[in-house]
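> Pasting in a structure now, in structure tokens, and then I'll have a few things to ask.
The values are calculated or read from the model by the stated rules, or taken from the named source; none is laboratory data. Predicted model, so just to flag it, every value in this text is computed and none were measured. Methodologically, a virtual Cβ is constructed for each residue, glycine included, from the backbone with ideal geometry; neighbour enumeration extends over all protein chains shown. The area values use the complete protein model at the heavy-atom level, side chains included, leaving out ligands, DNA and RNA. Shrake-Rupley method; radii C 1.70, N 1.55, O 1.52, S 1.80 Å.
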Amino acid sequence: MLEMLDDANKYSAEKFIKLVSESDDFCRLGSQSKQTTVFGKIDFTNENYSKKHLLLTNFRFEGKIAFSDIELHSGLIFNECEFKAPVSMMKCTSHQGGERGSAFENFTLGFLGCTITAIYIANSFFENGISFLGLVSEKAHIGQLSFNDVDCGSSFEIKNCLLNSFDFLGGIIRKMGLQFISVEVSNRLRISPIKCSNLIISGKDSLFHKTVNISGTEYGSIIFDSGIFKDEIVIQDISISGFLSFAVADFESEVRLSFDNKNVKVFNIREVHILDTKFKNGIQFDGQKIISEKLQINFSEKSSGVIDFRNTFFKEVLFKGINFNNSVFLRDCSYDRLTFSHFFNKALISLNNNNYPDEGKGNPEQLLIENSNLGNTEFYDFDFSVYPSVRIIDSRLDSIFTYGATWFENGQLNVEESEVNQRKILSQRREIFRQLKLAAEKQSDRITSLDFKAREVEVHAQLIQQRRNDPNTGFQNWLIRTGDLASIWLGKTNHHGQSWLLPFGLLILATILIYPLLVISADCIISWKWDWSAEGVSLFWEKITKYDSIFWQLFNPTRRVRDMFPDQTIDASAHFWDGLQRIFLAFFIFQIVSAFRKFVK
């Protein structure tokens, strides 16, 4: 029961202090039905305050209130009180929990439905934390809250309040951490503890009009869960052992995270999560080469804005959802595991330079693209070859853009891990190379497109070989597939349009081999009979050197055999060898020209 005061409901500061000091250890003063007014400055010290628990209801304090060097024991609670002047607490402690069964059981210092001008607390410890709560029907009105070197053993909660400004400098917040729930802050919000288990800002009706500054040293997690932020968010020089999360929030100005790598302290953020968040002026994360376990971005039609991460070593990066309106840039970052899972890119994703410098950081494992359409995803100076496994499953890649990319080898490419059908594996690999070929063609990168065309054809040859060896294949299909294999094999003579040196060398070799056969067939003195005698070898060499000019004429497709051998009677065998050489000449000229065309449109 509340202890009723006199009918006048007006007290001087001295009379109020005496009333409190003479009350029971577990004291409740005030009435819900009548407001009690206290005039003058109130000073509580360890000499006039020794309550185990004090609950004050519906008081109006006209003067300042000061608590100095006192033990609050199980708690000090203000219920629907009004403070017309500042409240200060210096060197106050509480080593006990709140009153069991009460609304403030988990708090040592509590303000419920209060109107507050300002509160200053410094060099104090509260076993069960601090709470500022508004009423269900009405938000609490608070001017300035300022805390310096305050240790909260449980948590620090501000809920359903209208707040002018907030400062928390130094100190520690344990267990549940610092929570802003359905809070509107009209001026600055500055948080810089030594250690904070969690910082949570949530509530659809949360509204922050000015800059939010977050610094300090160690956090468990920092969570922005809904709310509107009118001014910039500045987060700097922190270490987060849990995760940094942005979910269903609306940031109308810039969000900026930065780290001073020259500082002797080591900063780190274990995980970063972004979900359905609007960044009107973007979010910029400059990691200064810190290591982060994971970056996960879940896209939807609710998310928008520029997301810019720089100079960070990510062990895992995961993109999910449908990117309607975000432009995502990862610059000078590395990713041990890069995953696009059930992702559809309708806007822009740009990945720049995943090189691993010699700093002992990074261990590339896998690039995974599954059930995704990468759309306009850009890879600048991107090294695909650093990943031992590049796994692509049921995805579209034909619209990606690459600049200065280093591509993976065929042996690094994998498809669905559970797939055991060799034909399906080859078919999927061929489709991947076809899409990459098409993507290169779209950006007029003929050289890269030819490379992927060659890979596509080689895999297709393996697929044809699989089908040709099928015992159920009919003779006609076997013949057709054998012809296809022959065509592919002939295409290898210029590496499918990429090398002119091989067809040029093969043309020279074929001509050297056919030339003596043509001479033997055209000259009636030389026969096909083997003669290894000195006279026979001498005669053969004489005829070969006699017609040496004919060798070079063989490279002229408009030549005539009768002009090359005017004194001889040309029979069918000579025309056969001449025709065969013309076939080689035409084919290899075509292959040479095709290879040179890789540098022209």
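> State the number of residues belonging to segment 34-87 that are within 50 Å of the chain's Cα centre (by Cα), of a type in the set (A, V, I, L, M, F, W, C) and farther than 24 Å from residue 128 by Cβ.
1
> Of everything in segment 313-351 that's out of contact with any helix residue (DSSP H, G or I) (no Cβ under 9 Å at 6 or more places or on another chain) and of a type in the set (Ser, Thr, Tyr), which residue is most open to solvent (accessible area, probe 1.4 Å)?
Among those residues, the one meeting the criterion is 327.
> Across segment 203-243, what is the total count of residues that are assigned to a strand (DSSP E or B) and farther than 22 Å from residue 306 by Cα?
Counting residues in segment 203-243 that are assigned to a strand (DSSP E or B) and farther than 22 Å from residue 306 by Cα gives 8.
> Which of the following residues is at pLDDT below 95 and within 22 Å of residue 309 (Cβ to Cβ): 421, 353?
353
> Still on this model: Residues that are in contact with a Leu (Cβ under 8 Å, 6 or more places away or on another chain): which strands (runs of 3 or more DSSP E) entirely in segment 351-445 hold 1 or more of them? Working first, answer last.
Numbers: elements: 366-370, 377-380, 389-393, 401-403.
Those strands (runs of 3 or more DSSP E) span 366-370, 377-380, 389-393.
> Here's a follow-up. Return the residues of segment 522-573 that are polar (S, T, N, Q) and not in a loop (DSSP other than H, G, I, E, B); say none if nothing qualifies.
538, 545, 549, 553, 573
> Which numbered condition trips up residue 386, out of (1) over 16 Å from the mean Cα position of the chain (by Cα); (2) of a type in the set (Val, Ile, Thr); (3) closer than 23 Å to residue 442 by Cβ?
All conditions pass for residue 386, except number (3).
> Looking at segment 20-37 only, could you name the residues that are touching a strand residue (DSSP E or B) at 6+ places or on another chain (Cβ under 8 Å) and under 15 Å from residue 76 (Cβ atoms)?
20, 23, 25, 26, 27, 28, 29, 30, listed by residue number.
> Among the residues of segment 487-511 satisfying the criterion of being more than 46 Å from the chain's Cα centre (by Cα) and surrounded by fewer than 16 Cβ atoms within 10 Å (Cβ to Cβ), which is modelled with the highest pLDDT?
Among those that are more than 46 Å from the chain's Cα centre (by Cα) and surrounded by fewer than 16 Cβ atoms within 10 Å (Cβ to Cβ), it is 509.
The rows are residues; the columns are (1) modelled with pLDDT under 95; (2) of a type outside the set (Ser, Thr, Tyr).
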position: 207; (1), (2): no, yes
position: 212; (1), (2): no, yes
position: 221; (1), (2): yes, no
position: 236; (1), (2): yes, yes
position: 243; (1), (2): yes, yes
position: 248; (1), (2): yes, yes
position: 258; (1), (2): yes, no
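> Do any residues in segment 499-526 that are touching a residue at least 40 places away in the same chain (Cβ under 8 Å) and within 23 Å of residue 567 (Cβ to Cβ) have Cβ atoms under 7 Å from those of residues that are open to solvent by 20 Å² or more (accessible area, probe 1.4 Å) and among the polar types (S, T, N, Q), where the two are at least six apart or on different chains, and which pairs are they?
Between residues of segment 499-526 that are touching a residue at least 40 places away in the same chain (Cβ under 8 Å) and within 23 Å of residue 567 (Cβ to Cβ) and residues that are open to solvent by 20 Å² or more (accessible area, probe 1.4 Å) and among the polar types (S, T, N, Q), the close pairs are 521/573; 522/568; 523/568; 524/568; 524/569.
> Looking at segment 244-251, is at least one residue over 25 Å from residue 148 (Cβ atoms), open to solvent by 10 Å² or more (accessible area, probe 1.4 Å) and assigned to a loop (DSSP other than H, G, I, E, B)?
To start, the set of residues in segment 244-251 that are over 25 Å from residue 148 (Cβ atoms) comprises 244-251.
Still in the running and open to solvent by 10 Å² or more (accessible area, probe 1.4 Å): 245, 247-248, 250.
Cutting the leftovers down to assigned to a loop (DSSP other than H, G, I, E, B) gives us 248.
There is at least one residue in segment 244-251 that is over 25 Å from residue 148 (Cβ atoms), open to solvent by 10 Å² or more (accessible area, probe 1.4 Å) and assigned to a loop (DSSP other than H, G, I, E, B).
> Then there's this: Out of the residues in segment 446-470 meeting the condition of being at pLDDT below 80 and farther than 12 Å from residue 427 by Cα, tell me which one is most open to solvent (accessible area, probe 1.4 Å).
469
> Can you pull out every residue in segment 33-78 that is outside any loop (DSSP other than H, G, I, E, B) and of a type in the set (Phe, Trp, Tyr)?
Hits for segment 33-78 are 39, 44, 59, 61, 67, 78.
> Another one. Within segment 400-416, identify whether any single residue is surrounded by fewer than 18 Cβ atoms within 10 Å (Cβ to Cβ) and small (Gly, Ala, Ser), and answer yes or no.
Scanning segment 400-416, I find at least one residue that is surrounded by fewer than 18 Cβ atoms within 10 Å (Cβ to Cβ) and small (Gly, Ala, Ser), so the answer is yes.
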